[in-house]
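To start, the structure itself, in structure tokens.
The values are calculated or read from the model by the stated rules, or taken from the named source; none is laboratory data. Just so we're clear, the structure is a prediction, and the values are computed from it rather than from any experiment. So basically every Cβ, Gly included, is an ideal-geometry build from the backbone, and we count neighbours across all protein chains shown.
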């Protein structure tokens, strides 16, 4: 198990140990590669975001080394973007689990992969043993054939030697466990060893002169006929398997090794065969093939079978120009809520019920498969128009409008559906899965309980986001983010009381990129944490320089936005302490801006972080107050110093319409807080805010966000003009 969070390792270790697994946990990719090469590892659970190298690089390194390339890798990551999943499979992963994981699903995925690997190892060992046996038996038959030829030649001169030779051969055959037979060109039995009684229940006399084809299963008759035809045309040993009817009427799978018999007068006079019962082996092999291609819970075809079906369909589309197929990727909405409230057993039974329902919505030529988790994929064979696929999606949504009864419980569910029409334009199944997954993502993004049809604009958008993500990662590694500072002005005295630090991305081709372009993606991918750390470091470094130059007044603070992901990170306080210690900045110069939603989470870790921030002299501000969910209880419970009035409320102010802004200011004052108004652009807005009692403001009326060098000049001018209105400095 590879995860840079020890708590995750401890949780997985405990759960897997309880299930009888021996585990090893490591925190870095380098440690994972070392352990994989030195220890006998059967399976790896691999996180993507690691401190020294990401999970994709670790997986590629494992697959490039002969000693570790066969170890199956299951990715376990909080990254839930479709392209993270696709990339995980491209670098060699066999499965992908999204955090937070469900342990029952983790155990099921682990069991499936270990079963597959064990089956592969068993088959490999069996094939090696079988090959050795074939060689041994071939050698035995070759030796017996040579002896037989020698005795036939001796028969022309010495009849006694022939009788002795025949007696010796029969003695060997009669005591062999395998069934030994001699056949003529028509397939009739010329000789049957006594072991036929054990194998098929017949006596040798009952089968003497009868044709083996009379005992063969009708489905295997073509195989048997081909087997005999090839044996009479080749001097090599030939192996085949088919079913023969026993005396009880039960069919027995036998594996037969056949060798032609030659003499001087005729090239081939007959065939000698050696057969044994392989019914149990065939049954195990069939079960293994079934398990490898079916979902263990619903018994639907799994993603591997679906991928094979799609690969064949792509070939079919190439052979038949104009041929199309349909694909629907179905995700049950709020399935996690069912698991959390009713338990995983009910959740599993719900999946089984949905699987049965989905099978009723398609034709026999179509395929309903389980993709994993609460996702299903339906393949529609040979469709003529997109409307045919849409009709199936609508039928499914209508069917799910009716509640499902599971173990006496009535459960309502719905589905988000991604739709795709495929043709010969696709080159492999991964491209198909990629596109239909994009459509599903758009359906869920659009509000759930709906469907979306894939279009190339979706792919282009997804590709653009992937490119942006890669560039963001490169920007993090090269520290291409910079800080602009927007002045915050005291409305009563027009004195500069601080700056708000705003992130900017110095793109090598596009120049300065505003946060609106990349912040949402950074939040979705978890990259907001390293970006926020770099910004926080730059801000603290700048504060320390200003303090050393004695440029700051007692009231001066720099506000910096902290994302929810940063705030929830259990290492945030440790990171904050490290930055303050390394830069030498004082915590009292910082004001961290958070959203109202963070206060509503009510978790112990949030409470701890808020208390730790307060203990370090750092103040807190609620950003964009009033635009999200609010709770006066939690607002008064925690040490929040400032409410920031969102620019949307400031823009709506009219001389006779100031109610919302007035209410926020009054609330702040009643809770012993102050207010800062954002987006102040006119003198009228400043005067209104001043009259309402708002303490400070920021906006283009005073100055736009300034790069560091201009912010330094602004700060110097503010010190030299403390008695003049700072609006003149912008």
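Worth a mention:
- Residue 44 being within 16 Å of the chain's Cα centre (by Cα), free of Cβ contacts under 8 Å to residues at least 40 places away in the same chain and within 27 Å of residue 120 (Cα to Cα): no
- Answer residue from segment 531-552, given it is over 21 Å from residue 623 (Cα atoms) and in contact with a helix residue (DSSP H, G or I) (Cβ under 6 Å, 6 or more places away or on another chain) and is surrounded by the most Cβ atoms within 10 Å (Cβ to Cβ) among those: 543
- Extreme residue, surrounded by the fewest Cβ atoms within 10 Å (Cβ to Cβ), among residues of segment 267-288 that are in contact with a strand residue (DSSP E or B) (Cβ under 9 Å, 6 or more places away or on another chain) and part of a helix (DSSP H, G or I): 280
- Just one of the listed residues (520, 494) is in the same structural domain as residue 592 (by TED's automatic domain parsing) and at pLDDT below 90, and it is 520.
- Test: residue in segment 1-18 that is crowded, with 18+ Cβ neighbours inside 10 Å, farther than 20 Å from residue 114 by Cα and touching a helix residue (DSSP H, G or I) at 6+ places or on another chain (Cβ under 7 Å): yes
- Helices (runs of 4 or more DSSP H) enclosed by segment 185-266 - at least 2 residues per element that are closer than 19 Å to residue 144 by Cα and touching a residue at least 12 places away in the same chain (Cβ under 8 Å): 221-233
- Every test in (1) modelled with pLDDT of 95 or more; (2) closer than 21 Å to residue 110 by Cβ is passed by residue 376 save one, and that test is (2).
- Taking the listed residues 35, 58, the one that is surrounded by 19 or more Cβ atoms within 10 Å (Cβ to Cβ) and either in a helix (DSSP H, G or I) or in contact with a strand residue (DSSP E or B) (Cβ under 9 Å, 6 or more places away or on another chain) (or both) is 58, with no other qualifying.
- Any hit, segment 430-446, residues being more than 22 Å from residue 317 (Cβ to Cβ), surrounded by fewer than 15 Cβ atoms within 10 Å (Cβ to Cβ) and assigned by TED's automatic domain parsing to the domain that holds residue 371: yes
- Filter result (over 50 Å from the mean Cα position of the chain (by Cα) and exposed (fewer than 12 other Cβ atoms within 10 Å of the Cβ)) within segment 236-254: 248
- Qualifying residue in segment 321-328 (condition: under 30 Å from residue 367 (Cβ atoms) and surrounded by fewer than 17 Cβ atoms within 10 Å (Cβ to Cβ)): yes
- Tally of residues being in a helix (DSSP H, G or I) and either farther than 15 Å from residue 641 by Cβ or modelled with pLDDT under 80 (or both) across segment 599-628: 9
- Boolean, residue 585 is modelled with pLDDT of 90 or more and outside any helix (DSSP H, G or I): yes
- Flag for residue 501 being under 16 Å from residue 563 (Cβ atoms), at pLDDT below 95 and buried (at least 19 other Cβ atoms within 10 Å of the Cβ): no
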